[in-house]
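Asks: Once you've had a glance at the structure underneath, I'll fire off some questions.
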Amino acid sequence: MPRISSELNVLVVEDSKAMIETIRDYLAQMGIRHPMIALSGQEAIEMFQGNRPDIVLLDAILPDVDGFEIAKQMRALERDGEWAAIIFLTSKSKDEHLARGIEAGGDDYLMKPVSQVVLSAKVRAMQRLIEMQRSLLAVTHKLGAANKELQHLSMTDGLTGIANRRFFDEMFMREWRRCGRMQRPMSLIMIDVDHFKLFNDTYGHQAGDDCLKTMAAQAALAATRAGDLAARYGGEEFALILGETDADGSQWVANLIRQRISDLKMPHSSSPYHFVTVSCGVVAVVPNAKLSLQTFLQSADQALYLAKEQGRNRTVYVEFGQVE
């Protein structure tokens, strides 16, 4: 008789000791030497829950509970992606009886007295289904991981590795609504690398890319809480969403980033400061239904514009709605 994988985990639920010994012997000849044995429905449920068998040979009539009810309970205990093959052992051959077993969650049935040849064939068929299900589950997990990676890539700026404009727009709206519900302040910082075109023209695009990566890293260091987000807004411009942060707090964060960039002393001979600097525009407000998210963004843009107009390498805060 062809042997079956010894790794197959089989649970036999049967109250007849003679039948148990017969089935145990048949399984041993297939290569399954240590099947689990349950003499009652309650014991079967406990073993199923604790050991997660691959195949259940389930007597349709048990001393404490209907075998069909046990099958239903087993199906209810299965977690996502799990599946155990349930084969009913029954002496009744009426179609209605067999249909009831399938409806209860059974996959096949085996007539008593159990035939060694038929048992082997059915176990082998279920083993093939189990292997197919496991392969499908493995593929599903790989696809899930790939989809997560694609989703991550779709939200990430390819150069700097921080959030891109698309993710910024999504989080901007979400945080605006959250802070509005909680009636907590929300801040937005717009940051621009000063004289970046001149930097690129002087040092080349590779140096320009390295400069942007450095800028992104510093922005990310300042956005560490759950409601914070550092994003590349476009070109050499970056944005920070700071949830539950007031005007004082956001100006402190903006000045911290600006100072850190200055402290790096990245050479920039075309800048009046002779090293790379940034300008920051800051706005803060407690969102509500009467305020406009677009005006909030425009206020931050206006603050950034003023910072650049006033000589760059500085932080400017404007009140919400102060758009010229």
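Asks: Mind counting the residues in the stretch 85-107 that are open to solvent by less than 30 Å² (accessible area, probe 1.4 Å), free of Cβ contacts under 8 Å to residues at least 40 places away in the same chain and in a loop (DSSP other than H, G, I, E, B)?
Replies: Qualifying residue count, the stretch 85-107: 2.
For every residue, the table says whether it meets (1) more than 30 Å from the chain's Cα centre (by Cα); (2) at pLDDT below 95.
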{"residue": "192", "(1), (2)": "yes, no"}
{"residue": "198", "(1), (2)": "yes, no"}
{"residue": "211", "(1), (2)": "yes, no"}
{"residue": "214", "(1), (2)": "no, no"}
{"residue": "223", "(1), (2)": "no, yes"}
{"residue": "232", "(1), (2)": "no, no"}
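Asks: Given the structure, is residue 39 under 19 Å from residue 91 (Cβ atoms) and surrounded by 19 or more Cβ atoms within 10 Å (Cβ to Cβ)?
Replies: Working: under 19 Å from residue 91 (Cβ atoms): yes; surrounded by 19 or more Cβ atoms within 10 Å (Cβ to Cβ): no.
Considered against the rule, which asks whether it is under 19 Å from residue 91 (Cβ atoms) and surrounded by 19 or more Cβ atoms within 10 Å (Cβ to Cβ), residue 39 comes out as no.
Asks: On to the next question. Restricting attention to the stretch 123-166, which residues are open to solvent by less than 40 Å² (accessible area, probe 1.4 Å), more than 30 Å from residue 82 (Cα to Cα) and in contact (Cβ under 8 Å) with a residue 40 or more places away in the chain?
Replies: 157, 160, 162, 163, 164
Asks: Something else about it: Which one of these is out of contact with any Asp or Glu (no Cβ under 7 Å at 6 or more places or on another chain), surrounded by 15 or more Cβ atoms within 10 Å (Cβ to Cβ), not in a helix (DSSP H, G or I) and not hydroxyl-bearing (Ser, Thr, Tyr): 272, 287?
Replies: 287
So that you can scan it fast, the table gives a plain yes or no per residue for (1) among the aliphatic types (A, V, I, L, M); (2) open to solvent by 70 Å² or more (accessible area, probe 1.4 Å); (3) out of contact with any strand residue (DSSP E or B) (no Cβ under 9 Å at 6 or more places or on another chain); (4) touching a residue at least 60 places away in the same chain (Cβ under 8 Å):
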{"position": "29", "(1), (2), (3), (4)": "no, yes, yes, yes"}
{"position": "43", "(1), (2), (3), (4)": "no, no, no, no"}
{"position": "49", "(1), (2), (3), (4)": "no, yes, yes, no"}
{"position": "55", "(1), (2), (3), (4)": "yes, no, no, yes"}
{"position": "61", "(1), (2), (3), (4)": "yes, yes, no, no"}
{"position": "77", "(1), (2), (3), (4)": "yes, no, yes, no"}
{"position": "82", "(1), (2), (3), (4)": "no, no, yes, no"}
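Asks: Let me ask you something else. May I ask you to say which residue of 23, 45, 32, 37 is among the hydrophobic types (A, V, I, L, M, F, W, C) and assigned to a loop (DSSP other than H, G, I, E, B)? Before you say what the answer is, go through the steps one by one.
Replies: Numbers: 23 fails: assigned to a loop (DSSP other than H, G, I, E, B); 45 fails: assigned to a loop (DSSP other than H, G, I, E, B); 37 fails: assigned to a loop (DSSP other than H, G, I, E, B).
It is 32.
Asks: Looking for something closer than 30 Å to residue 287 by Cα, open to solvent by 30 Å² or more (accessible area, probe 1.4 Å) and charged (D, E, K, R) - is there at least one such residue anywhere in the stretch 190-207? Walk me through it before giving the result.
Replies: Initially, the stretch 190-207 is screened for residues closer than 30 Å to residue 287 by Cα, giving 190-193.
If we keep only those that are open to solvent by 30 Å² or more (accessible area, probe 1.4 Å) as well, we get none.
No; the residues of the stretch 190-207 include none that is closer than 30 Å to residue 287 by Cα, open to solvent by 30 Å² or more (accessible area, probe 1.4 Å) and charged (D, E, K, R).
Asks: Taking only pairs six or more apart or across chains, which ones have beta-carbon atoms under 6 Å, a first residue in the stretch 236-265 that is without any contact (Cβ under 8 Å) to a residue 24 or more places away in the chain, and a second residue that is open to solvent by less than 80 Å² (accessible area, probe 1.4 Å)?
Replies: Note: pairs meeting the criteria are 265/275.
Asks: Here's another thing I want to ask about it. Quickly run through the stretch 48-82 and pick out the residues that are within 36 Å of the chain's Cα centre (by Cα) and assigned to a strand (DSSP E or B).
Replies: Just the residues of the stretch 48-82 that are within 36 Å of the chain's Cα centre (by Cα), to begin with: 48-56, 69-82.
Result: 55, 56.
Asks: Show the residue pairs meeting these rules: Cβ distance below 7 Å; 6+ apart or different chains; first residue within the stretch 169-186 and of a type in the set (Lys, Arg); second residue not in a helix (DSSP H, G or I).
Replies: 178/243; 184/244; 184/286
Asks: Moving on to the next point. Of all residues in the stretch 213-239, which are touching a Ser or Thr at 6+ places or on another chain (Cβ under 9 Å) and within 18 Å of residue 308 (Cα to Cα)?
Replies: 215, 238
The values are calculated or read from the model by the stated rules, or taken from the named source; none is laboratory data. In this text the structure is predicted, and so the values were computed from the model without any measurement. Cβ atoms come from the backbone with ideal geometry, glycine included; neighbour counts cover every protein chain shown. For the accessible areas, the whole protein counts, side chains as well, though only heavy atoms, and no ligand, DNA or RNA atoms are used. Shrake-Rupley method; radii C 1.70, N 1.55, O 1.52, S 1.80 Å.
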